[in-house]
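So the structure is just underneath, and the comments pick up after that.
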Amino acid sequence: MRISTNQYFNINTNNLTAKQSDLGKLQGQLATGIRVQKPSEDPLAMATAMGAQAGVKQIEAFEGNLTYVQNQLTQMDDALGAASEMMTSIKETMVAARNGTIGVNDRKILVEELRGKMESLRGIANRQGPNGDFLMSGTQRDSAPFPQGGTGDFLGLTPANQANVTGREIQVANGRSIDLKVTGYDAFVNKTNNESVFQTLDNAINALDNPGFPNAMANATQTYAQVFEQSMGTMDDTFNQVQLARTKVGVRMREADTITTINASAKNELERVATQAVGLDYAKAISDLAQGQLQLQAAQQSFSNVSKLSLFNYLS
Amino acid sequence: MSNTIYGIALSGLNASRSGLATVSHNIANVNTVGYNRQEVVQNARPSNSVGSEYIGQGVDVQTVKRVYSEFLTSQQEKANSDFAFYSAKADQIARIDGTIADDASGLASALSDFFNAAQTLSTDPADMSARQNFLSTADSLASRFNSTSAAMDDLRGATDLKVTDAVQKINDATSQIAELNRRILSSSSQALGVGKPNDLLDQRDQLVMKLAEQVQLTKVPLEDGSINLFMGNGQPLVVKDQAFPVTAQRDPSDPENLLVGVTRKINGEDRLITFDSKALGGGALAGFMSFRENELNTFQNKIGLMAAKLGETVNALQQSGVDLQGVKGLDLFKFGDPSNLPADFARVNPNAYNSKSNPVDLNLSTLNLSKVTGDDFEILMTTGGAGAKPQYRIAGSGADFKDVPVDGSGKFFIPDAAGNSVLSFGFSGALNASNVGDRFTVMPTRDAARNIAMNVSRPELVAAASASDPSSGNNEVILSVAKLRSEGMLYQNFSTRGVSITEAFNQMVSQVGNKTRELEVAKGARESVLSQVTETRDALSGVNLDEEAANLLKYQQAYQAAGRVISLSKDMFDQILTMFQ
């Protein structure tokens, strides 16, 4: 076939630029480690990778949420554990005080001891998280559940409203939430008589602190030993509620652990999917690069040699 | 006797000199774009009868002709138009393809960040730094929507520039072609019917080739050597020595777009008769317009739909809740200043040629963003009803117009395939017969991504708590915002579950990828057709320097030989003279 001189140069330069552009693309892939840089290079792979990457990001948010939930639950667990110990200690003091033969001075000492322990228990029930939120107040995070000098009612609410105080649900995985709904009402308010442990203790301490009781009081029908007996019964019930609340918290902590593991493996899997979809097969890319270099070199050499040939070289 | 030999040798010298001149011309034009190599056609002179013999009289140069194929040139023009069309489309969409999935600048990560911030805020809804973070991610999501839409507006602007540029190129080329037609017609050799003004013809062919890059052409060569040119839609561009200019003007149904057409007087008013990109066929101009009408509009509408639906849903949730002070929540996003939904993400363009005697506006009443698909609608008023009655079709579909149904509250509405209202509208005034022929274009979400902005800037104003439990630790509303990530709030007309905003964006990325690929493949196919035709034409008409070197030797030798004949005949004449000394 006849070929024009221009055509010869055009074909060669087009070939050279095409080969250079292929090499440039390979170099870009090797530099980034990503095979699919633009959606058009592999639309399905790109969409798959983007879906997987969005999934990874979502799990990262859940991981943050889980950390928060675990911190919060651990603090509640600590507080409830401390509350159990304190209540056990209070009960020991009450057993000592129940003894009807103790003298007036001993009573005073016991009153002080019980008051101190009650305030410690109150401190535990009113514990705050690192952000200043009251752990046992549910969504009313800014209010102390059992403020000092208050009525002793949970958040100062009527018994009917106390039960309505709820806690946050925190999403920890797609379609799974862990709630922080264990409140001071669940742990410290006796469900039989709607009396908080602080009201129970207050009654007992007042009885102990009143040496004439019950004879000095007009309508008294009970001895203080009887009041103590009753208070200790209520305390036992409430103690069981604290244990139950602690169990609830424990169940949620275990669930949080399980979901952490599930999330980690789901995240790994999604990362694998994303890498497989758009990641680079280095072995193949490097061999392609070597081949491309060889081809470009051959094309350059043959072009520079052949283009030197001209009949005009021989005209003189 | 020697007189005859002189004459014959001289004719040989002349022919060889013409040959050498032509070879030199070819060599000189080896790099001239559009040059067709030339060659000398020479004929033996009719011989003289001497007695019973015929004796040759030498040689005549009959003509210098272009080595040229009209068929191949037309093929190359057509291939050029086709390639330019797909090249324009592919190059434009490549700009979307190159940035849409970019992790650093793309929407995907901004969406993830926004929902992640809502998740984090849901753990401790009173935490001011988490609130601030939520607002910051919402703000960067809004600016991501803005910049994605702005990139598309840039492409729209590029199309406008291209239309202006194409119009100029078309008018330049057609006026030059008309002028060349005139010169070719008047060139003396043409008039005498011998020889052809080869280089003028080459110039004209080259101009036609350039014109074909802009618009697909129908070329009609005439006997007298001139050519007539028509656009794909039949619009004349050049008839003999007269050029018909085209103009670029604002689209009467969308002032954001430039269109090409010709101006005609209708009812005493200058009106632009626009050229439909489909009727234009090939060429870069049609490619740019087709990209704008199809791909660009669709993608911009879809991005707008995501911004509009996310904004609408988040705003409704915010309004259902209370902020940190227990006050009813405000819209998180706004689409105008002040927001006037749905008018702020939807655009209604009345046609510039609508009735002047009874001008009416089309007002949108409702817009169901879960049923919107990214299509725009054309409304055309026809006779019927109160003087005029609306019909609709999907813009750019070229489908037949259908009657617009009326809903229970007396509003006109455009239904989806299942008959549910996508959007409903009314008119600002009573219609009469003068409104027949009025047109409106409704773009439900075109401007939403462009307009979305923050309405709330103080962290305590974010409504995280529900109205039923307005305490600072309640997270119900912000949790609902976080859960929007996977809620199927879009495209519910295709499946009742719908498509979540993240999925919708990924689907769009995949559509952009597939479309880009499709256009690149089409461009590549046209490119190989073009280079094949070009090679075939070059193989026939291009200059080969080795061949010219050989021809140079050939004519040089012939010239030398003819010169030798002259000196020989001088010797012969001298011989005769010496005979008489």
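Bear in mind these aren't lab numbers, they're just calculated from the coordinates by the rules spelled out. Note that the structure is predicted; figures quoted are calculated from it, not measured. Positions of Cβ are backbone-derived with ideal geometry, glycine not excepted, and every protein chain shown enters the neighbour counts.
Quick notes on this structure:
- Dipole moment magnitude, nearest 20 debye, the protein assembly as shown about Cα centre, only Lys, Arg, Asp, Glu C-beta charged: 2000
- For residues of A:174-184, the mean tally of beta carbons on other chains within 10 Å: 1
- Relative intensity, log₁₀ I(q)/I(0), of the protein assembly as shown from a Debye sum that treats every alpha carbon as a point, q = 0.06, 0.07, 0.10 Å⁻¹: -0.67, -0.81, -1.18
- DSSP H segments from chain B that extend 20 Å or more along their own axis, Cα-based, with Kyte-Doolittle mean of 0.0 or above: B:2-28, B:107-123
- Region B:424-476 - Debye-derived log10 I(q)/I(0), Cα point model, q = 0.16, 0.18, 0.20, 0.23 Å⁻¹: -0.75, -0.82, -0.88, -0.97
- Shielding by partners - mean other protein chain Cβ count within 10 Å, residues of B:120-129: 5
- Charge sum, other residues only, whose C-beta stays under 11 Å from A:L311's C-beta, Lys/Arg counted +1 and Asp/Glu -1: -3
- The residue list B:N146, B:V246, B:Q92 was ranked by how far each Cα lies along the charge dipole of chain B toward its positive end, using unit charges on Cβ atoms, and B:V246 comes out on top.
- Dipole of chain B, positive direction: furthest Cα of B:G429, B:G7, B:S357, with charges on the beta-carbon: B:G7
- Remark: mean inter-chain Cβ contacts per residue of A:129-140 equal 3, using a 10 Å Cβ-Cβ cutoff to other protein chain atoms.
- If you take all other residues with their beta carbon under 15 Å from the beta carbon of A:S137, and give Lys and Arg +1 and Asp and Glu -1, the sum is -2.
- All alpha carbon pair distances within chain A were sorted into 20 Å bins beginning at 0; the resulting P(r) in whole percents reads 23, 29, 17, 14, 10, 5, 1, 0.
- Largest-first ellipsoid semi-axes for region B:163-289, taking √(5λ) over the Cα gyration tensor eigenvalues, angstrom: 31, 15, 11
- Whichever aspartates and glutamates have a C-alpha closer than 18 Å to that of A:K108, once near sequence neighbours (fewer than 8 apart) are set aside: A:E92, A:E119, A:D202, A:D209
- Divide the volume of the convex hull around the Cα atoms of chain B by the residue count and you get 206 Å³ per residue.
- Rounded tilt (10° steps) of A:197-209 against the dominant C-alpha axis of chain A: 30
- Tilt relative to chain A, helix A:224-278 - C-alpha long axis, 0 to 90 degrees, to 10: 0
- Within chain B, helix-based [θ] at 222 nm, where runs of 4 or more DSSP H residues each add -39,500 (n - 2.57), nearest 500: -17000 deg cm²/dmol
- On Cα atoms only, tilt of A:5-32 relative to the major axis of chain A in degrees: 20
- Rounded to the nearest 20 debye, dipole of region A:51-274 from Cβ charges on Lys, Arg, Asp, Glu: 220
- Of the trypsin sites (Lys or Arg not before Pro) found in region B:26-77, no site is in coil according to DSSP while having at most 16 other Cβ atoms within 10 Å of its Cβ.
- Estimated 222 nm signal from helices in chain A, with DSSP H stretches of n ≥ 4 weighted -39500 (n - 2.57), rounded to 500: -23500 deg cm²/dmol
- Principal axis extents of the Cα atoms in region B:432-581, from largest to smallest and rounded to whole angstrom, are 142, 53, 36.
- Largest first and in whole Å, the equivalent-ellipsoid semi-axes of region B:464-526 read 42, 13, 5, each the square root of five times a Cα gyration tensor eigenvalue.
- Residues in region B:224-231 carry Karplus couplings, in order, of 6, x, 7, 10, 10, 10, 10, 6 Hz; the curve used is 6.51 cos²θ - 1.76 cosθ + 1.60 with θ = phi - 60°, and Gly or Pro positions show x.
- Cut-off 15 Å between beta-carbons: net charge of the residues surrounding B:Q75, Lys and Arg +1, Asp and Glu -1: -4
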